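Comments concern the structure below.
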Amino acid sequence: PGSSPEELLSIAVRVAREAAATARRMRDEAIGDVQTKSTDTDVVTAADKAVERQVVETLRAERPGDTVLGEEYGGAEAAPGTVRWVVDPIDGTVNYLYGLPQYAVSLAAEVDGEVLAGVVRNAATGDEWTATRGGGAWRDGRRLTCSTETVLGQALIGTGFGYDPLRRAHQGRVFAQMITRVRDIRRFGAASLDLCLAAEGKLDAFFEKGLNPWDHAAGGLIAAEAGMVVAGLNGVPAGPEMVLLAPPALFPALHDLLAELDAAGGP
Ligand code: IPD
């Protein structure tokens, strides 16, 4: 099977649509068991597991040489030069549990750590964002461009909170400081969708500490292809320590404020 970004995207879109249909159907019929994972606030439903299993089985059958990394079942490292699929079967699981229409399937294809194609599909609404490396970010046939905001005090910023209570306390302190310096802050509850909202200019910027690769692999490419700078703090690439994205002219001011607040300590 071919591995051009376009070929990978067309597989990703088909698999994500099937996955979103399963998530939606289970939401309408029966979510199944609800369990907690890392902490009491970190929930997983039978649907998260069923959707991931479906994605893994489809990709394994169609592309036996690839590997898959998923939120619920983990996965192996990929051999150099091979494709690794990175999947969040239901990003926004708490929204899913409560029936809030902000949960998504996120699926990315990467080679040697570089994301080549990604799709995020809001399973509740059917909205879908896609990107290929170098090929732009798209929604419903429309090419996306991010915000052109340059002033931090006028920026609408998205963020999220992890499940670990110590991490949350730190994130709360950063939030409390930042909220006085920006237009406002939004917390919608599904990082992949936040990144897509940023890609289409509905958020000026986004940051979150402690995201996992499946939360930001696809959305990060979509935001970058829409013109955003996607990075971590102090020259580190976007990763577990921080995912920060902003339009180029806004990035330095947000980066410096966040670096200062984040350095105030905490996990
Ligand atoms: C979570 C959501 C949330 C973010 C958390 C993630 P999950 O993913 O993306 O917005 O703040 O850090 O863990 O658990 O719903 O797949």
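The values are calculated or read from the model by the stated rules, or taken from the named source; none is laboratory data. Predicted model, so just to flag it, every value in this text is computed and none were measured. Virtual Cβ from ideal backbone geometry, glycine too; neighbours counted across all protein chains shown.
Among (1) more than 17 Å from the chain's Cα centre (by Cα); (2) within 24 Å of residue 23 (Cβ to Cβ), where does residue 166 come up short?
Going through (1) more than 17 Å from the chain's Cα centre (by Cα); (2) within 24 Å of residue 23 (Cβ to Cβ) one by one, residue 166 breaks only (2).
Determine which member of the set 259, 263, 253, 224 is surrounded by fewer than 24 Cβ atoms within 10 Å (Cβ to Cβ) and closer than 23 Å to residue 136 by Cα.
On the way: 259 fails: closer than 23 Å to residue 136 by Cα; 263 fails: closer than 23 Å to residue 136 by Cα; 253 fails: closer than 23 Å to residue 136 by Cα.
The conditions single out 224.
With the condition being out of contact with any strand residue (DSSP E or B) (no Cβ under 9 Å at 6 or more places or on another chain) and more than 26 Å from residue 9 (Cβ to Cβ), I'd like the helices (runs of 4 or more DSSP H) fully within region 170-267 carrying at least 1 qualifying residues. Show your work before the answer.
Values: elements: 191-199, 213-225, 251-262.
So the answer is 251-262.
Do you know which residues across region 21-37 are away from the ligand (no atom under 14 Å from the Cβ), assigned to a helix (DSSP H, G or I) and among the small types (Gly, Ala, Ser)?
Passing the criteria: only 21.
In region 134-163, what count of residues is obtained for those that are within 16 Å of residue 219 (Cα to Cα) and among the hydroxyl-bearing types (Ser, Thr, Tyr)?
Residues flagged as within 16 Å of residue 219 (Cα to Cα) and among the hydroxyl-bearing types (Ser, Thr, Tyr) within region 134-163 amount to 3.
Given (1) in contact (Cβ under 8 Å) with a residue 40 or more places away in the chain; (2) in a strand (DSSP E or B), identify the lone condition not met by residue 17.
(2)
If only one of 187, 167 is within 14 Å of the ligand (Cβ to nearest atom), under 24 Å from residue 72 (Cβ atoms) and at pLDDT below 95, which one is it? If you could, list the steps in order and put the result at the bottom.
Numbers: 187 fails: at pLDDT below 95.
When all the criteria are applied, what remains is 167.
Grab the strands (runs of 3 or more DSSP E) fully contained in region 38-93, keeping just those with 2 or more residues being modelled with pLDDT of 95 or more. Before the answer, list the steps.
Working: elements: 43-45, 67-70, 83-91.
The qualifying strands (runs of 3 or more DSSP E) are 67-70, 83-91.
I'd like to check something: does region 80-90 contain any residue that is on the phi > 0 side of the Ramachandran plot, more than 16 Å from the ligand (Cβ to nearest atom) and either surrounded by 14 or more Cβ atoms within 10 Å (Cβ to Cβ) or not basic (Lys, Arg) (or both)? Before you say what the answer is, go through the steps one by one.
Looking only at region 80-90, we keep the residues that are on the phi > 0 side of the Ramachandran plot, and these are 81.
Restricting the remaining residues to those that are more than 16 Å from the ligand (Cβ to nearest atom) gives 81.
Checking the rest, the ones that are also either surrounded by 14 or more Cβ atoms within 10 Å (Cβ to Cβ) or not basic (Lys, Arg) (or both) come to 81.
Looking for residues that are on the phi > 0 side of the Ramachandran plot, more than 16 Å from the ligand (Cβ to nearest atom) and either surrounded by 14 or more Cβ atoms within 10 Å (Cβ to Cβ) or not basic (Lys, Arg) (or both), one finds at least one in region 80-90, hence yes.
Which condition breaks for residue 98 when tested against (1) under 15 Å from the mean Cα position of the chain (by Cα); (2) of a type in the set (Ser, Thr, Tyr); (3) surrounded by fewer than 14 Cβ atoms within 10 Å (Cβ to Cβ)?
(1)
Looking only at region 159-181, count every residue that is in contact with a helix residue (DSSP H, G or I) (Cβ under 6 Å, 6 or more places away or on another chain) and surrounded by 19 or more Cβ atoms within 10 Å (Cβ to Cβ) and tell me the total.
Total satisfying the criteria: 2.
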